[in-house]
Amino acid sequence: MKLVVLGRDGIINRFREEHVASPSEWEPLPGALEAVARLNHAGWQVVLATNQPGLGTGLLDMASLNAVHRHMNELLARHGARVDAIFICPHTAADRCDCRKPAPGLLLKIGERFGVNLDQVAVAGDTVRDLQAAHAAGCEPHLVRTGRSALLSAEEAESLAAQVPGSRVHADLAAFAEHLVQRARAARGESGNAGYGDLMK
C-alpha cells in the first residue's frame, strides 16, 4: 500500500486565522485538488491529519465540521480525487494530548489503522509542528510553502525545515505530488516526466 498523509488547512484549502466553520469558508488552494487526484491516480491513498482545536473550545461542532468535509469531498470528487480517511485532533494545547501535532499520535493511529510501516509514509504540512509530528512518528516530513509558510522565502523555508531531520521543501501541494510521482517512477526504472493524462492511462 502507498499512503501519504496531508494536513488540511494551508495545504489543501486556504488557511484562516478563524476556524473553518462552514462549507462557504472552505476554499481550495489553486492546484491542490488536482494534486490529490494526481496522487490518487498514481496509486496513493491520501489521508488527512488535522488539528481542530475549535472542537475543544466549543467554537466548532462536529455537525459543522462534517458539513465542511462533505463539501471538501464533493469538490475533490469533481476533480477525480478522494481522501480515504480524515483523522482529527479535537484538543487544545492545554489538554496536553498525544494526538495534537507536533505530537505523533494522529500519525501513529493512521499507521495502525492502515497497517503500514510509517517509515514508508510521506507527510506534508505547512508548519514546523507538522514536520516534528512526522519525524516523531518515523514518517518522512515535507514542508509546503503555502498556508502559514506562504510568506517564507526559499531560504527561510529551508532554514525552518532544517530544524527537523530529513525534511524536504516544496512550493505547494502540486510540487509535493510531482516529487513523489517522479521519485516512484525513478524507483521503477522509468524515465521522463509523466503528465496527468499519462497517469490516467
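The values are calculated or read from the model by the stated rules, or taken from the named source; none is laboratory data. Please read these numbers as outputs of a predicted model, since none were measured by experiment. Using ideal geometry, Cβ is built from the backbone for each residue, glycine included, and neighbour counts are taken over all protein chains shown.
Only one residue in LEU108, LEU152, LEU75, LEU65 is under 16 Å from the mean Cα position of the chain (by Cα) and at pLDDT 95 or above. Which one? Can you show your working first?
Values: LEU152 fails: under 16 Å from the mean Cα position of the chain (by Cα); LEU75 fails: under 16 Å from the mean Cα position of the chain (by Cα); LEU65 fails: under 16 Å from the mean Cα position of the chain (by Cα).
Sole residue among the options that is under 16 Å from the mean Cα position of the chain (by Cα) and at pLDDT 95 or above: LEU108.
Quick test for you: out of ARG16, ARG38, pick the one residue that is part of a loop (DSSP other than H, G, I, E, B), under 17 Å from the mean Cα position of the chain (by Cα) and charged (D, E, K, R).
On the way: ARG38 fails: part of a loop (DSSP other than H, G, I, E, B).
Result of the check over ARG16, ARG38: ARG16.
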Subject >> The lone exception for GLN182 - which of (1) closer than 18 Å to VAL46 by Cβ; (2) touching a residue at least 40 places away in the same chain (Cβ under 8 Å); (3) not in a loop (DSSP other than H, G, I, E, B) it fails >> reply: (2)
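Of all residues in the stretch 135-149, which are within 17 Å of GLY10 (Cα to Cα) and either under 13 Å from the mean Cα position of the chain (by Cα) or of a type in the set (A, V, I, L, M) (or both)?
PRO141, HIS142, LEU143, VAL144, ARG145, THR146, GLY147
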Original post:
In the list HIS41, HIS79, HIS71, which residue meets the criterion of being touching a residue at least 60 places away in the same chain (Cβ under 8 Å) and surrounded by fewer than 20 Cβ atoms within 10 Å (Cβ to Cβ)?
Top reply: HIS41
**OP:** Kindly list, by first and then second residue, each pair from a residue in the stretch 162-173 that is closer than 20 Å to ILE12 by Cβ to a residue that is polar (S, T, N, Q), limited to pairs with Cβ atoms under 6 Å and residues at least 6 apart or on different chains.
**Re:** ASP172/THR146
Original post:
Which of the residues belonging to the stretch 88-137 are closer than 23 Å to HIS19 by Cα, acidic (Asp, Glu) and outside any loop (DSSP other than H, G, I, E, B)?
Top reply: ASP95, ASP130
Original post:
Which one is surrounded by the fewest Cβ atoms within 10 Å (Cβ to Cβ), of the residues in the stretch 83-127 that are closer than 24 Å to ARG148 by Cα and charged (D, E, K, R)?
Top reply: ARG96
**OP:** Taking the residues in the stretch 60-87 that are part of a helix (DSSP H, G or I) and among the charged types (D, E, K, R) as candidates, determine which candidate is farthest from GLU17 (Cα to Cα).
**Re:** ARG78
